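Report on the following structure.
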Amino acid sequence: MVVAMILAGGVGSRVGADRPKQFVKVLGKPVLVYTIEIFQNHPDVDVIEVVCHKEWKNYLRDLIEKYNLTKVLWIVDGGERFQESVINGLKHLKDNTEIDWNSTVLVHYGAAPFTSDRIVTDCIKVTEKWGSACSTTPCYQLMGSNDRADSLHEADKKVPISKNWVDRDRYIQIACPQGYKLNYLASIYHRAEEKGLLDRVEPHTTSLAYELGDVLYQSYGDQTNIKITTKEDIELFEGYVYRKWMQENKK
């Protein structure tokens, strides 16, 4: 079984809206609905669990009915922090007798609606082969040049200067979804709790895995697959949705 765990428990204050960013409307539809539809429409995803901000659960139920999101079977309370939200979602899946421990769990952010079918498909494929997968993208140069001036540079935390360049070929950008076998995901959080890491390691499950010394496998990603963080990202997504609508209506 493939389960999509969609995290929608945050506030997203940097967007500057009157509601959590995952519920901001883009062309009349909340961002979270666009995100859920990625998995609703994917043939390899069986069920969806949404870990939701407590004050918005009833609104989410209305959205599920309005947009016929039939794969959403469970709504779980979100936590104050990322790790707490994942733990809540994980606990619900562990306690659910319908879920096999060998199931694939795709952890995805509610405010990440740019993700393509290709990204989801490869994340599932890699997870089922190796036990984990992270959507990853190489660090491309901004100007498409081999000149170091267009590469990554180290930043000084105290003053706005840079003294050294960083070899971009050694680094990747990790996005979502992040795939885990359910038994492995449970193992990460069990070991992290035993070592006292949950209160000091943020912001992601990958952070805990690295702290534990685990190896995570890479799946396909691209630079379009961003998470909405700022007001400008909302505007970018609005243009993205409008462009797709124009393409579909030209057919």
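Would you be able to say whether some residue in the stretch 137-147 is under 21 Å from residue 4 (Cβ atoms) and modelled with pLDDT of 85 or more?
So far as the stretch 137-147 goes, yes, one or more of its residues are under 21 Å from residue 4 (Cβ atoms) and modelled with pLDDT of 85 or more.
Looking only at residues that are of a type in the set (S, T, N, Q) and open to solvent by less than 80 Å² (accessible area, probe 1.4 Å) in the stretch 197-232, which one is modelled with the highest pLDDT? Lay out the reasoning, then the answer.
Within the stretch 197-232, the subset of a type in the set (S, T, N, Q) is 205-207, 218-219, 223-225, 229-230.
From what's left, open to solvent by less than 80 Å² (accessible area, probe 1.4 Å): 205-207, 219, 224-225, 229-230.
Details: 205: 94, 206: 94, 207: 92, 219: 97, 224: 88, 225: 91, 229: 86, 230: 86.
It comes out as 219.
So which residues in the stretch 57-71 are part of a helix (DSSP H, G or I) and open to solvent by less than 50 Å² (accessible area, probe 1.4 Å)?
57, 60, 63, 64, listed by residue number.
Restricting to the stretch 217-243, give me the number of residues that are within 17 Å of residue 33 (Cα to Cα) and in contact (Cβ under 8 Å) with a residue 40 or more places away in the chain.
Result for the stretch 217-243: 12.
Looking only at the stretch 113-131, how many residues end up being crowded, with 21+ Cβ neighbours inside 10 Å and in contact with a helix residue (DSSP H, G or I) (Cβ under 6 Å, 6 or more places away or on another chain)?
Result for the stretch 113-131: 2.
Filter the stretch 72-86 down to the residues that are open to solvent by 40 Å² or more (accessible area, probe 1.4 Å) and modelled with pLDDT of 95 or more, then identify the one that is nearest to residue 197 (Cα to Cα).
So, considering only residues that are open to solvent by 40 Å² or more (accessible area, probe 1.4 Å) and modelled with pLDDT of 95 or more, the one nearest to residue 197 (Cα to Cα) is 77.
Name the one entry in 48, 64 that is at negative phi, in contact with a Phe, Trp or Tyr (Cβ under 9 Å, 6 or more places away or on another chain) and free of Cβ contacts under 8 Å to residues at least 60 places away in the same chain.
Values: 64 fails: in contact with a Phe, Trp or Tyr (Cβ under 9 Å, 6 or more places away or on another chain).
Result of the check over 48, 64: 48.
Exactly one condition in (1) touching a residue at least 24 places away in the same chain (Cβ under 8 Å); (2) part of a loop (DSSP other than H, G, I, E, B) is not met by residue 200; state its number.
It fails just one condition, (1).
Between a residue in the stretch 159-182 that is open to solvent by 30 Å² or more (accessible area, probe 1.4 Å) and any residue that is of a type in the set (A, V, I, L, M) and in a loop (DSSP other than H, G, I, E, B), which pairs come within a Cβ distance under 8 Å, given they are 6 or more apart or on different chains?
Partner pairs satisfying both residue conditions: 162/155.
Quick check on my filter: what residues within the stretch 4-26 are modelled with pLDDT of 90 or more and either touching an Asp or Glu at 6+ places or on another chain (Cβ under 6 Å) or loosely packed, with under 15 Cβ neighbours inside 10 Å (or both)?
Those that are modelled with pLDDT of 90 or more and either touching an Asp or Glu at 6+ places or on another chain (Cβ under 6 Å) or loosely packed, with under 15 Cβ neighbours inside 10 Å (or both): 5, 25, 26.
Quick check on the stretch 162-176. Is at least one of its residues among the aromatic types (Phe, Trp, Tyr) and assigned to a helix (DSSP H, G or I)? Steps first, please.
Initial filter on the stretch 162-176 (among the aromatic types (Phe, Trp, Tyr)): 165, 171.
Next cut, assigned to a helix (DSSP H, G or I) only: none.
So far as the stretch 162-176 goes, no, none of its residues is among the aromatic types (Phe, Trp, Tyr) and assigned to a helix (DSSP H, G or I).
The values are calculated or read from the model by the stated rules, or taken from the named source; none is laboratory data. None of the values given here were measured: they were computed from a predicted structure. With ideal geometry, Cβ positions are generated from the backbone for all residues, glycine too; neighbour counts draw on all protein chains shown. Only protein heavy atoms, including side chains, enter the accessible area calculation; ligands, DNA and RNA are left aside. Shrake-Rupley method; radii C 1.70, N 1.55, O 1.52, S 1.80 Å.
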